[in-house]
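Engineer: Sharing a structure below in structure tokens format, with a few things to ask.
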Amino acid sequence: MDSRTAAHVLSQIGSLLELGGAPRFNSKAYQRAARAILALGADDLTPLLKSGELAKTKDVGPATLGVVRDLIETGESSYLNRLQEATPGGLFELLRVPGMGGTKISMLHQELGVETLDDLEAVAVDGRLAKLKGFGPKTAERVLKGIEFARHATKRSLFHRGLYQAEILAATAERHPDVVEAIIAGSVRRQNETIGDVDIVAICSDDPRLVAESFGKMPGVKSADLKGNTVTIRFVDDVRADIACTLADNAGFVLWHLTGSEAHVSQMHAWAATKHLTFTDDGVTSRGGKVQSFATEKDFFKAMGLQEIPPEIREGHGEIEDAAAGLLPDLLTYEDLKGVLHCHTEYSDGGATIEEMAEAARERGWKYIGISDHSEAAFYAGGMKRDKLARQHDEIDEINSRTKGFRILKGIEADILADGRVDYSDETLDTFDYVIGSVHSRFSMNGAAMTERVLNALDDPRLTILGHPTGRLLLSREPYAIDLDAVIEKAAETGASIELNADPHRLDMDWRHLKRAKDLGVTIEIGPDAHSESNLDFMDHGIGIARKGWLTKADVLNCRSAKDVLAFAAKRRSKRK
């Protein structure tokens, strides 16, 4: 029994438990165990079970271990079989509809006989859903939108989950005796916000076609299609992957080609044609028929007469022309960051203390952290009233008084109210070092009203940063209707910063708008929206999206010192009427 198959079974059990109304911690335990088993990357779990190592694996408890033991001994899970017999198969897909958790799905199944997305769509259209207690016409309308969203979302996963799968598959490929190195390519390498399939380049010491063919026979493979030296695989858990095998002398060309994007590759074909070159599966062919191989991407781009183009910006947005003119920017790196500003603590809905968050930030090499808990209007997230604010500011002062070489800044994530006012009085807002203003309510406003709401907020000079500007949750909630171009232009006019929210569920604002903001001189703040110490690592994802948006350290607020961040906020406040 291999890791991937066992992990898939555990994940299915977790989903079925959720649908059956089991306590949330129970279903989550199976999902955690699935991730832990998958990470082991074992072709056969039997030795790990016999040695006792499996029982010592973090997040694998007695119940989940019992399922794996059952799989190893019998080839199937009797527990999964019992759950499947009691659950209509179509209910699985309903979990992908935004806002449809296990409890609601169970109710719809019992009350209206809903078992599939088509069933759900039917009851939403004919009015039965709206009449059900706890729903209503507006909910039915949102469900209809969510159904279309779910049908699209099933084909993709969030970046961090795609990266996780890619890392596991690359590690598996490198264990092949004839593979020298396995490199992640495709949309994961380009740091796309969502991922369709996983792409790996395997550099081989022997016949690449034979190696590719052997990958199609790995444990956990559901189907495999071999074309040339590339095998397209679908695993039992529906993860899709392309593994391109190559000898080292042409690894650079293969890596470039499999990294994509389609638009970039197509434009490079046109660029190569101007130099009387053509691309084939074997490499680059000159007009005389000579085939050139490239061991590195650097060699390939040099032969094309171009600067080496970073993977993140290979999207067909003018990168080839700029590379030809030597105008590609020095893109932002993690080392350019000086601190973070969008962080929550136990004072609102975070899970750590101020001091714990500060220490975690310092461990990551940063010079400051901004604490920006929720404002009073966000009562659902523990929004802070005035007396709580005073206690928090006193605590920050006390910690700063005994800390050298690091500083905690006093921030707030203040709700942008329906009329565009920023939560709290002007006097209270003036007590903060900086203010992040975010929309957390009334997402259903029409585009004109929502745009006016945000533009009004940007007119308030106390608002330093506009937080997660479209409110999207990737593969879960669409952005609210808003004219983002107008918002970017307003930020440029007023000198406000706009956030690139690095939470992998958001990655908002979209990278396609970052270059426009950069061109207009808008300063971008990259915020982890951290609710725990580990969430600070979301900044890795934010850096990737910032690079996709062509940002440099000069474009990013928190690449500046704490003193300069305070000066930025003070300059905004100086514009008050």
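The values are calculated or read from the model by the stated rules, or taken from the named source; none is laboratory data. Note that this is a predicted model, so its numbers are computed, not measured. Glycine also receives a Cβ, built like all others from the backbone with ideal geometry; neighbour counts cover every protein chain displayed.
Engineer: Spot the failing condition for K404; the list is (1) without any contact (Cβ under 8 Å) to a residue 60 or more places away in the chain; (2) touching an Asp or Glu at 6+ places or on another chain (Cβ under 9 Å); (3) not hydroxyl-bearing (S, T, Y), and only one is missed.
Structural biologist: (2)
Engineer: Right, here's the next one. Give the number of residues within the stretch 138-181 that are among the aliphatic types (A, V, I, L, M) and under 22 Å from the mean Cα position of the chain (by Cα).
Structural biologist: 10
Engineer: Quick one: how many residues across the stretch 341-395 are under 16 Å from G437 (Cβ atoms) and either among the acidic types (D, E) or assigned to a loop (DSSP other than H, G, I, E, B) (or both)?
Structural biologist: Of the residues in that region, 10 qualify.
Engineer: Can you tell me how many residues within the stretch 436-449 are of a type outside the set (S, T, N, Q) and either under 17 Å from A390 (Cβ atoms) or loosely packed, with under 14 Cβ neighbours inside 10 Å (or both)?
Structural biologist: Here the count works out to 3.
Engineer: Restricting the search to the stretch 75-124, which residues are free of Cβ contacts under 8 Å to residues at least 12 places away in the same chain and of a type in the set (D, E)?
Structural biologist: E76, E85, D118
Engineer: Still on this model: Being buried (at least 16 other Cβ atoms within 10 Å of the Cβ) and in contact with a Pro (Cβ under 6 Å, 6 or more places away or on another chain): is that true of S497 here?
Structural biologist: No; evaluated as a whole, the condition is false for this residue.
Engineer: Within the stretch 304-321, count every residue that is assigned to a helix (DSSP H, G or I) and surrounded by fewer than 18 Cβ atoms within 10 Å (Cβ to Cβ).
Structural biologist: Of the residues in that region, 1 qualify.
Let's see how each residue does on (1) surrounded by fewer than 16 Cβ atoms within 10 Å (Cβ to Cβ); (2) touching a Cys at 6+ places or on another chain (Cβ under 7 Å); (3) acidic (D, E); (4) in a helix (DSSP H, G or I):
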residue: Q31; (1), (2), (3), (4): no, no, no, yes
residue: A34; (1), (2), (3), (4): no, no, no, yes
residue: L49; (1), (2), (3), (4): no, no, no, yes
residue: V60; (1), (2), (3), (4): no, no, no, no
residue: L71; (1), (2), (3), (4): no, no, no, yes
residue: E76; (1), (2), (3), (4): yes, no, yes, no
residue: Q84; (1), (2), (3), (4): yes, no, no, yes
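Engineer: Examine the stretch 334-343 for a residue that is in contact (Cβ under 8 Å) with a residue 60 or more places away in the chain, touching a helix residue (DSSP H, G or I) at 6+ places or on another chain (Cβ under 7 Å) and loosely packed, with under 15 Cβ neighbours inside 10 Å, and state whether such a residue exists.
Structural biologist: Yes, there is a match, as at least one residue in the stretch 334-343 is in contact (Cβ under 8 Å) with a residue 60 or more places away in the chain, touching a helix residue (DSSP H, G or I) at 6+ places or on another chain (Cβ under 7 Å) and loosely packed, with under 15 Cβ neighbours inside 10 Å.
Engineer: Which condition does W550 not pass, out of (1) at pLDDT below 95; (2) assigned to a loop (DSSP other than H, G, I, E, B); (3) out of contact with any strand residue (DSSP E or B) (no Cβ under 7 Å at 6 or more places or on another chain), if it passes all the others?
Structural biologist: All conditions are met except number (1).
Engineer: Can I ask one more? Conditions first: (1) surrounded by 14 or more Cβ atoms within 10 Å (Cβ to Cβ); (2) out of contact with any strand residue (DSSP E or B) (no Cβ under 8 Å at 6 or more places or on another chain); (3) over 30 Å from H541 (Cα atoms). D178 passes all but one, so which condition is the exception?
Structural biologist: Only one criterion is unmet by D178, namely (2).
Engineer: A follow-up question, please. Within the stretch 404-422, take every residue that is closer than 16 Å to G471 by Cβ, of a type outside the set (V, I, T) and in contact with a strand residue (DSSP E or B) (Cβ under 7 Å, 6 or more places away or on another chain) and give me the one that is surrounded by the fewest Cβ atoms within 10 Å (Cβ to Cβ).
Structural biologist: Out of the qualifying residues, it is D415.
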